[in-house]
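Here's the structure, in structure tokens; my notes come after.
Each reported figure results from applying straightforward, stated rules to the coordinates on display, with no laboratory input. All of these numbers come straight from a predicted model, not from anything done at the bench.
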Amino acid sequence: MATFSSIAAAALVMAGSAVLPAPAPTLVARANSDCSEAADQVVEKTGGQLLSAQPSGDSCIITVLVQGNGQRPRKVTMKVPM
């Protein structure tokens with residue numbers, strides 16, 4: 001029969017591994033190195049937050065989230081030549 005201390009130790013090990021807090025979700029911007037300059041231009045022009053930058057032929061599709069004055073933020077997508 002297991003002793004109380006061995007059961008308690010096993011419970012602490014199991015609880016420690018099961019109780020680890022999940023990392024807070026973070027906004028991850030996907031940007032291709034070829035589209036980084038285009039993304040920087042759109043972010044600077046709109047004052048928004050980069051959501052994604054994807055190449056499309058000879059252009060980049062840039063999506064940013066722009067805050068409004070007391071309104072919901074809006075998603076803006078722009079096609080910018082590379």
Query - Theoretical gain in end-to-end length, Lys79 to Leu65 [0.36 nm per residue, Cα-Cα removed] - result: 3.5 nm
Query - In order through segment 57-73: 3J(HN,Hα) via Karplus (6.51 cos²θ - 1.76 cosθ + 1.60), integer Hz, x for Gly, Pro - result: x, 9, 10, 10, 9, 10, 10, 10, 10, 10, 6, x, 6, x, 10, 5, x
